[in-house]
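Take a look at the structure set out below.
The values are calculated or read from the model by the stated rules, or taken from the named source; none is laboratory data. It should be emphasised that the depicted structure is a prediction, and the values quoted were computed from it without experimental measurement. Because the Cβ atoms are built from the backbone with ideal geometry, glycine has one as well, and the counts that use them run over all protein chains shown.
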Amino acid sequence: MVGKDLSPSKISSITAHLEKCPECQQEYDSYSLALEKTKEWIEEDKLDWVEREWQQAVQEAVKDKESVISPLAPWPFKKAWAFALMGVLAVALTLLLVIKPFFLGEGTAPDSELLSRTRAQLLGSTFQESQQEVIKMTLVLPETGQKIVWFFDKNFELEVKE
Amino acid sequence: MWMKNEDELVSEVLEGNQSSFELLLRPYRQGLLNMAYRMTGNREEAKEICQEALIKIYKYLYRFEKGKSFKSWIYKITMNSAYDSLRKRKKSEDIIESQKRQAFEGGADPEKQFLNREISTKIESCLQNLSPKEKAVFLLRDGDGFSVEETSKILKCSSLSVRTHLSRARKKIRAQFEQSNLGFRKEVKSEL
């Protein structure tokens, strides 16, 4: 209210209250006076530049010609450069994502093949050692239909079975 | 129209026309100086702050977004320089003494000097209990007539924070007024 920061509706409601309440009115008056006086004094005690000092201060500020960055660098241009850079990065990222599978396809195939081969070897050796103790070979004679079965142990030595 | 002229002057400075810089800043030179003076209470320090602010304004003018308030932008820079200066300042007796001496150098006329001294003492008395933030908010809002929103932008804080600090500052000023017996009671009574 004192600083005149309120909306017109609030001001009118407070003014209506102040008319009825002497205590609040006194409080308001004291606030107003303190602030008005302070503002008044601030106005009365204003400093100003001596023209020569002002000119010197400005000359000092513009002394360094490099201070002002070239006209290419004003903020809107910088903004444009920033957007352009972001665009280029976005395109590059998209291309990378699109092209990556092709590169990876060529690049990873041998690796996966090697991996599967290694896995097979490992499994095979484990299988041979742990399970395939006996190898069975069967020969079927087409003329007679007779079957001959050979059994070998894991060292490929012939075993005779009944 | 005024905004357009300011934007034109900004463009001219950016194109290398240094004389436009003086024209651009001239309308605000007194306001900036007084803002710095009220923040520090020292004339020489205030001029140094303004000098530093002018250098920064020239250096970073390319960052100013045309169409926005140039006044708010330069006050923000000056206020930051004032805060930096307050941070660096040693609160020694020497500085306080020199501050008192310099603050009262009003002019050649002894009567004017006396009046200036009296007013400065009153203002200092009112503002002495305010924190830098409260002082800044009070000076920008009540002294220079910036809106709450503009003040919040200058001080990089929320509108709520501005209102809170402003309310606190006003309360302290009023309390200081009563405490100092600066003719306050008499005037209130005579007005009532």
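Filter segment B:65-82 down to the residues that are among the aromatic types (Phe, Trp, Tyr) and buried (at least 21 other Cβ atoms within 10 Å of the Cβ), then identify the one that is nearest to B:THR40 (Cα to Cα).
Across segment B:65-82, the extreme among qualifying residues is B:TYR75.
Tell me whether segment A:59-80 contains one or more residues that are touching a Phe, Trp or Tyr at 6+ places or on another chain (Cβ under 8 Å) and at pLDDT 80 or above.
So far as segment A:59-80 goes, yes, one or more of its residues are touching a Phe, Trp or Tyr at 6+ places or on another chain (Cβ under 8 Å) and at pLDDT 80 or above.
Which of the residues that make up segment B:138-161 are farther than 25 Å from B:ARG29 by Cβ and either surrounded by 20 or more Cβ atoms within 10 Å (Cβ to Cβ) or more than 12 Å from every other protein chain (Cβ to nearest Cβ) (or both)?
B:CYS157, B:SER158, B:LEU160, B:SER161
Can you pull out every residue in segment B:36-86 that is assigned to a helix (DSSP H, G or I), in contact (Cβ under 8 Å) with a residue 60 or more places away in the chain and out of contact with any Asp or Glu (no Cβ under 8 Å at 6 or more places or on another chain)?
Residues satisfying the conditions are B:ARG38, B:MET39, B:LYS76, B:MET79.
For segment B:162-177, what are the residues that are more than 7 Å from chain A (Cβ to nearest Cβ) and of a type outside the set (Val, Ile, Thr)?
Selection gives B:ARG163, B:HIS165, B:SER167, B:ARG168, B:ALA169, B:LYS171, B:LYS172, B:ALA175, B:GLN176.
Pull up segment A:1-33, narrow it to residues that are aliphatic (A, V, I, L, M) and more than 17 Å from B:GLY145 (Cα to Cα), then point me to the one that is nearest to the other protein chains (Cβ to nearest Cβ).
Looking at the filtered set, the residue picked out is A:LEU33.
Please work out which residue is farthest from the chain's Cα centre (by Cα), limiting yourself to segment B:1-24 and to residues that are part of a helix (DSSP H, G or I) and facing chain A (nearest Cβ under 7 Å).
So, considering only residues that are part of a helix (DSSP H, G or I) and facing chain A (nearest Cβ under 7 Å), the one farthest from the chain's Cα centre (by Cα) is B:LEU14.
For segment B:25-35: of the residues being surrounded by 21 or more Cβ atoms within 10 Å (Cβ to Cβ) and within 9 Å of another protein chain (Cβ to nearest Cβ), which is farthest from A:ASP48 (Cα to Cα)?
The selected residue is B:LEU25.
List the residue pairs whose Cβ atoms are under 6 Å apart, where the first residue sits in segment A:11-35 and is among the β-branched types (Val, Ile, Thr), the second is surrounded by 13 or more Cβ atoms within 10 Å (Cβ to Cβ), and the two are 6 or more positions apart or on different chains.
A:ILE14/A:MET1
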